[in-house]
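*Asks:* Handing you this structure, nothing more for now.
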Amino acid sequence: MESVDIRESVNANISRSLDAFRVFIRRSPFAAVWGVVGLILVLMAVAAPIISPNDPLKTDFNNMSAPPDGDSYFGTDQIGRDLLSRILYGARISLFVALASVLLGTTIGGVWGLVSGYLGGLTDMISQRFVEIIMALPGLILAFALVLVMGAGMWTIIVAIAVTRVPFGARIIRSVALSVKETAYVEAARGIGASQVRIMARHVAPQCFAPFLILFTVHLGTVIVIEASLSFLGLGVSPPTPTWGGMLGEASALLYPFWWHVFFPGVFITVTVLAFNLFGDGLRDALDPRLRGTL
Amino acid sequence: MRTYILKRILYAIPTLFGVTVLIFAIMRILPGDPLGAYYGIETIINWTPAQRAEILRDLGLDKPIAVQYAIWMKDIASGRLGESFFRGDPIIEILAQRGPISAQIGIISVAISWFIGLPVGIISAVRPNSIWDMCTSFFTVLFLAIPGFWLGLLIVVGLISWLQYKAPIVSVQFWENPWTNFQIIAGPAIVLGLGQAAFIARMARSSLFEVLREDYVRTSRAKGLIERLVIARHALPNALLPVLTLSGVLLGFVMGGSVAVEQAFTVPGLGKALVVAAIDRDFNVVQNIVLFYAVIFVLVNLFIDLLYGWLDPRIRLN
Amino acid sequence: MLGLRASKSAIWLLICAVTAMLMAVACGAAEPEVVTVVETVVVTEEIVKEVEVEKEVIKEVEVVREVEKEVIKEVPIEKVVIATPSPTDEVFYVRPLDPFPKSGGTFRTGAHGPPAHFDWYASGTIANHGVQSPMYDALLRRDPRTSDVPVIPDLAHRWDVSADQLTFTFDIREGVKFHDGSDLTSEDIKATYDRIIFPREGLVSLRRTLFPNVSEVNAPDDYTIEFKLSEARALSNMMVAFSTEWNLISKKETLEQYDGNLREVDDHPGTGPFKYVERNDDQWVMEKNVDYWSPDAPYIDRIEHIWLKAWTPENTAALLGGQTDWTMWLAPKDGKDIGNKPGLNSIRQHLLIWHGIPLNNKRKPFDDKRVRQAFALVLDQQALLDVTADVKATLFGGGWFTDGTPYGLPLSELEQRKYFRHPTEEDIAEARALLAEAGYPNGQGIAKLDLATRETINQRLRAPAIQAMLKEGLNIDTEIRVIDVSAHGEEIKAGNYDIAVEGGAWAFIPDPSFYIKDLFGRCGDRLCDGNTAFYENPEMDKKLRALEVELDQAKKIEMSKDLATFLDQEMPWVPLDTTEITYWGYWDHVKGLMPANSDFYANYELHKWDYVWLDR
């Protein structure tokens, strides 16, 4: 009896997702195109060791700050490292930090919101106060303080940014959980004596998946900018690891920096943010337009 | 309505209390202390443990954490917020000098975002998929993607290269010299304003786009109202509610973003003070500035909640 | 049932797979393999030229006693000229060299700051006296009007040195008034120097090291101050110590009131040409002291010291955009061409700061001098300096001793010395042999070394360069560890590092017995303050002691040559550079400074501004 219920709900869910995907392609072809751009960027990062023309750490003291030419398409940096290779490798860090921190933050926030929304009552009220406390601190400022505390490094930056994403997940998923809680099939499951954990995992969580996916994509762009801002403020991933924000930080030490030091990392940041934003928007419009006001 | 207001305000109090605890906890587990900045990183000197202890005692850093927290609470209650470790300056003076400039930047950027974002969004929603819509969408997504500090850097370098112009770097309040004050705040306000305007335009477009397809709008059209009135009188008020909420959320974006943007423009605002104090480990200044940001953020969102409740009866009755 | 499980887990599996893939990517990226070839560097022509100019400055030291009133002639930095006005002509004033200086105007400086506290006796940064010295005077000063910056009178207008060089007596100007209207007497100067030389328990005094041999300070009458020395030192060293702008005179009453601790006192009376107006987080404002003891001076009505950090783009932008009139902290790349811009000028200053790469002698493998020598052989100092040349300039030159002094090794000689030249094939081979001899063939047996650095732009660039050179030359792996600025000094002093990207010490007195001792010697029962490499060797201390007490300049130079050879053998750390360059930039309307495009050697000693006027 119970399994039939679930099968129907999940099957319905899947077919709805497939529909949504078709709608997504049809309704926002641009977003789909940008999704492909995002995918290319990710692939580029993954394939960096294969496609980059040079070792990103290989210094050449005879060729410091050389302008773009046939040897190095994007020029070289202050200690003669190939900028194109550094940008390709930098994509790994920037994208990984973005994806990992959003995934971590949204997942923690999502579980939190799910439990809090489903259980309701005092638990919900207290947990919402905690969410509000974290939310009261502007994202970049909170991340800045946390990285200061934990020391700059890739993992600390991921954790710091993830913390700033938790409240978003907690709020949105909570509201979904609240509405799902009232549906007939959840009541039915409760009626036949399913445990709370089981109901949350089997019945409520699947309904939260679409908002989760949307949250995930929509926040990627924001997070990439936060990471770049932290690097700009001197709290980036440690050298010699290349990151886009770090390259900008190094270049902006001069009033008139070499243009290629500034231009290429900036363009890559902008394009990446653009791709994730537009893809996320399209995805949201296709999957769950109700979330428009809240994300 | 009164119970709604009271309830909202009561909710805000524990939040603010929690914020102080959170900030304080973060500050006191920070590695490093102000002594490095105290003696200058240009010089490496050996002070004896006794000298070190004496200075830490002077700064009040030798007391138990709970006592330090209590002292901070007392300082907040007294309205002076304590003193900077460095130079012994009262922190309230730093806030009084830097706060108005950052506040102006924030308010003007919000105003810019509404003045630009709203009309753009409305026209796009009314004429979807027109050339105008395409163009504005392009600029909207572009400004959403460009990091503010980055745009700021480009503007500063551009102005200095072509016009030999640099905005004043010493803080001047509006009532002291409006023109100088305007030059200080113009750059960051525009950059932050454009960033927000993109959000506002996008939200206004999608929200109005949907409202225009609602039954009651169709009804008012059927009733023979001219299109302008339909939009202005019936559709817009409802479409603006989500835009208003978004603006509150965006405030966090402005305050966070302003730290990096103020740094890029060398604006003598709170953001710059925060970064400098954080690097020098002037915990007293950092925790008070962060608290100040949090208080403003909470209060503005409280205000928006109340406004929302006033505009939309469903919410206050819920 | 099976189908639904599969489809549900498929979604999660996908997420897991993506995450795992990204993790793998990032882990791979976090520690990319270092495969780097260090190549030799051709020194750019520009730098060669610059060094050549400096070479001409190196001349014999000559202590001129009882010379003419105003000493303005070509003299190099070390050639300390003591102006001792004769009794008949005891009025010496610093006046602008221009015949008709104008009065009035506001002078806005781009000042490195704000200072963390106001006690300049306990401060090692220009953030303090760079802005505080206009309000105070010192005993002697350096002449800011010429690039030789000779020693000239300030509050002391004439002085005597006893035949045994054990008593220094200074005559103080009469009629000098503090800003509160009271008279300056020798008691104030005694109180100040007691604060500097004999600080009470718990007070920090950074300039105490300039006077290790002063046993007492006396004020026999209101206008005489007397220093008793326990042991004679080279006269020029003593005069440099007395003339530094760091040792500004406070009022006795003030020092008593605050028990010598001026950390939070920003406005206490001085005798200087400018008075306190206001200070905040943006700037420090001062106004003309109309009762200043020097006639006509100062010429400026008001100074606004605007806080801008050294070597930042903001500082250059503020000058170019006309927000400031003068700054001394242009980033080298900006500073080099600022003189070409219409209306702007530049002056190049060599700060006497000594830099090297500290190797922790307390830890393995650096307890073995062969390893230290091997490191010095493969590290290409000139390339390491080139790496940061745009953001923070330091010039290669001088070797072990300050460039521009008679001790500094000429560039032609440095190019021959294997530890300083670009590493040749033989140098690399020798380094590898030394390492093998020490028991670490091909770098084996050396664990990944901790390369400690702090988050500043020059260290961010230099650290990877050091890392690459060590990997390529000696197959030694290092891990760059960024320490927060606030904790960096403590960490290095505690010895929690293997290699530090940069260590430094001031050559307040440009004599090896001062700075080499500070870097590698013992001071009493402990290591000296600058000895962050934890180098200990009684033989070194013996050599330094002999150099310290030697009074004859020619002999000192001979002894320093022997010391250089000894340092080569011992290699306590890897020497990098001996002066740090900063560019002054200023608008045409700022008058009274030394000629544009001058190139001079000094520490922070020319910031009183009584000699500057504005032509607007």
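*Asks:* Hey, could you check the range C:280-297 for residues that are part of a strand (DSSP E or B) and surrounded by fewer than 21 Cβ atoms within 10 Å (Cβ to Cβ) and say which is farthest from the other protein chains (Cβ to nearest Cβ)?
*Replies:* Taking the candidates together, the pick is C:K288.
*Asks:* Of the numbered conditions (1) within 12 Å of chain A (Cβ to nearest Cβ); (2) free of Cβ contacts under 8 Å to residues at least 60 places away in the same chain, B:V298 fails exactly one; give the number of that condition.
*Replies:* (2)
*Asks:* Look at the range C:349-363 and say how many of its residues are of a type outside the set (A, V, I, L, M) and touching a Lys or Arg at 6+ places or on another chain (Cβ under 9 Å).
*Replies:* Counting residues in the range C:349-363 that are of a type outside the set (A, V, I, L, M) and touching a Lys or Arg at 6+ places or on another chain (Cβ under 9 Å) gives 1.
Listed here are the residues, each with its yes/no results for (1) over 26 Å from C:G530 (Cα atoms); (2) surrounded by fewer than 16 Cβ atoms within 10 Å (Cβ to Cβ).
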position	(1), (2)
C:D194	no, no
C:E201	no, yes
C:R207	no, no
C:V217	yes, no
C:Y223	yes, no
C:L229	no, no
C:R233	no, no
C:S236	no, no
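*Asks:* Now, a different point. Restrict the check to the range A:127-145 and report whether at least one residue is among the polar types (S, T, N, Q) and more than 26 Å from B:V290 (Cβ to Cβ).
*Replies:* no
*Asks:* Working only within the range C:440-455, note down all residues that are surrounded by 14 or more Cβ atoms within 10 Å (Cβ to Cβ) and small (G, A, S).
*Replies:* Answer for the range C:440-455, where residues must be surrounded by 14 or more Cβ atoms within 10 Å (Cβ to Cβ) and small (G, A, S): C:G443, C:A452.
*Asks:* For residues in the range A:31-84 being surrounded by fewer than 17 Cβ atoms within 10 Å (Cβ to Cβ) and touching a Leu at 6+ places or on another chain (Cβ under 7 Å), which is farthest from the other protein chains (Cβ to nearest Cβ)?
*Replies:* This residue is A:Y73.
*Asks:* Still on this structure, please answer the following. Which of (1) within 14 Å of chain C (Cβ to nearest Cβ); (2) under 24 Å from B:G106 (Cβ atoms); (3) hydrophobic (A, V, I, L, M, F, W, C) is the odd one out, the single condition B:L163 does not satisfy?
*Replies:* (2)
*Asks:* Right, next: Quick test of your reading of the structure: C:R460 fulfils all but one of (1) away from chain B (no Cβ under 14 Å); (2) modelled with pLDDT of 90 or more. Name the failing condition by number.
*Replies:* Only one criterion in (1) away from chain B (no Cβ under 14 Å); (2) modelled with pLDDT of 90 or more is unmet by C:R460, namely (2).
*Asks:* Any idea which of (1) of a type outside the set (S, T, Y); (2) assigned to a helix (DSSP H, G or I); (3) more than 14 Å from chain A (Cβ to nearest Cβ) is the one B:P268 doesn't satisfy?
*Replies:* (2)
*Asks:* Still on this structure: Can you name every residue in the range A:223-233 that is under 21 Å from B:L30 (Cβ atoms) and either within 7 Å of chain B (Cβ to nearest Cβ) or in contact with a strand residue (DSSP E or B) (Cβ under 7 Å, 6 or more places away or on another chain) (or both)?
*Replies:* Of everything in the range A:223-233, those that are under 21 Å from B:L30 (Cβ atoms) and either within 7 Å of chain B (Cβ to nearest Cβ) or in contact with a strand residue (DSSP E or B) (Cβ under 7 Å, 6 or more places away or on another chain) (or both) turn out to be A:S229, A:F232, A:L233.
*Asks:* Just give me the residues in the range A:96-117 being aromatic (F, W, Y) and surrounded by 22 or more Cβ atoms within 10 Å (Cβ to Cβ), in sequence order.
*Replies:* A:F96
*Asks:* Of everything in the range C:326-385, what is basic (K, R), over 23 Å from the mean Cα position of the chain (by Cα) and under 24 Å from C:L461 (Cα atoms)? Give them in sequence order.
*Replies:* Within the range C:326-385, just C:R372 meets the criteria.
*Asks:* Here is a further query. Looking at the range B:226-257, which of the residues that are small (G, A, S) and within 20 Å of B:Y308 (Cα to Cα) is surrounded by the fewest Cβ atoms within 10 Å (Cβ to Cβ)?
*Replies:* B:A232
*Asks:* Right, something else. Picking from B:I279, B:I289, which residue would you name as being within 21 Å of B:Q97 (Cα to Cα) and under 15 Å from the mean Cα position of the chain (by Cα)?
*Replies:* So the residue among B:I279, B:I289 that is within 21 Å of B:Q97 (Cα to Cα) and under 15 Å from the mean Cα position of the chain (by Cα) is B:I289.
*Asks:* Are there any pairs, at least 6 apart or on different chains, whose C-beta atoms fall under 9 Å, with the first in the range C:81-106 and at positive phi and the second modelled with pLDDT of 70 or more and of a type in the set (S, T, Y), and if so, which?
*Replies:* Qualifying pairs under 9 Å: C:G104/C:Y299; C:G105/C:Y299.
*Asks:* Still on this model: Across the range C:575-602, what is the number of residues that are farther than 20 Å from C:W613 by Cβ, among the hydrophobic types (A, V, I, L, M, F, W, C) and touching a Ser or Thr at 6+ places or on another chain (Cβ under 8 Å)?
*Replies:* Residues that pass the stated criteria total 3.
*Asks:* Of everything in the range C:523-547, what is surrounded by 14 or more Cβ atoms within 10 Å (Cβ to Cβ) and at pLDDT 90 or above? Give them in sequence order.
*Replies:* Listed by number, the residues that qualify are C:A533, C:F534, C:Y535, C:E536, C:N537, C:M540, C:D541, C:K543, C:L544, C:R545, C:A546, C:L547.
*Asks:* I'm trying to understand the selection: among the residues of the range A:88-145, which are closer than 21 Å to A:V197 by Cα, free of Cβ contacts under 8 Å to residues at least 40 places away in the same chain and either facing chain B (nearest Cβ under 10 Å) or of a type in the set (D, E) (or both)?
*Replies:* Across the range A:88-145, the qualifying residues are A:M125, A:I126.
*Asks:* Do you know which of the residues in the range C:298-310 that are closer than 20 Å to C:A127 by Cα and away from chain B (no Cβ under 12 Å) is surrounded by the most Cβ atoms within 10 Å (Cβ to Cβ)?
*Replies:* Only one residue tops the list, namely C:I303.
*Asks:* Here's a check for you: in the range C:74-115, which residue that is modelled with pLDDT under 85 and of a type in the set (G, A, S) is nearest to C:W329 (Cα to Cα)?
*Replies:* C:G113
*Asks:* Go through the residues of the range C:131-148 one by one and say whether even a single one is crowded, with 20+ Cβ neighbours inside 10 Å, within 14 Å of another protein chain (Cβ to nearest Cβ) and within 24 Å of C:T327 (Cα to Cα).
*Replies:* yes
*Asks:* For the range C:292-307, check the following and say yes or no: at least one residue is at pLDDT below 90, under 20 Å from C:W587 (Cβ atoms) and β-branched (V, I, T).
*Replies:* For the range C:292-307, residues at pLDDT below 90, under 20 Å from C:W587 (Cβ atoms) and β-branched (V, I, T): absent.
*Asks:* Additional query: If a residue must be among the hydrophobic types (A, V, I, L, M, F, W, C) and either crowded, with 22+ Cβ neighbours inside 10 Å or away from chain B (no Cβ under 12 Å) (or both), how many such residues does the range C:347-357 contain?
*Replies:* 4
*Asks:* Now a separate question. Please find, within the range C:313-346, the residue that is nearest to the other protein chains (Cβ to nearest Cβ) out of those that are in a loop (DSSP other than H, G, I, E, B) and at pLDDT below 85.
*Replies:* By that ranking, first place goes to C:A331.
*Asks:* Given the range A:152-258, what helices (runs of 4 or more DSSP H) lie entirely inside it while holding 1 or more residues that are among the basic types (K, R)?
*Replies:* Once the helices (runs of 4 or more DSSP H) in the range A:152-258 are filtered for at least 1 residues that are among the basic types (K, R), what remains is A:154-181, A:184-191, A:196-199.
*Asks:* Go through C:S215, C:S182 for me and flag whichever is in contact with a Lys or Arg (Cβ under 7 Å, 6 or more places away or on another chain) and either within 14 Å of chain B (Cβ to nearest Cβ) or among the small types (G, A, S) (or both).
*Replies:* Exactly one of C:S215, C:S182 is in contact with a Lys or Arg (Cβ under 7 Å, 6 or more places away or on another chain) and either within 14 Å of chain B (Cβ to nearest Cβ) or among the small types (G, A, S) (or both), namely C:S215.
*Asks:* From the residues in the range A:94-112 that are over 13 Å from A:I157 (Cβ atoms) and among the polar types (S, T, N, Q), which one is farthest from the chain's Cα centre (by Cα)?
*Replies:* A:T107
The values are calculated or read from the model by the stated rules, or taken from the named source; none is laboratory data. Predicted model, so just to flag it, every value in this text is computed and none were measured. Every residue, glycine among them, receives a Cβ derived from its backbone with ideal geometry; neighbour counts consider all protein chains shown.
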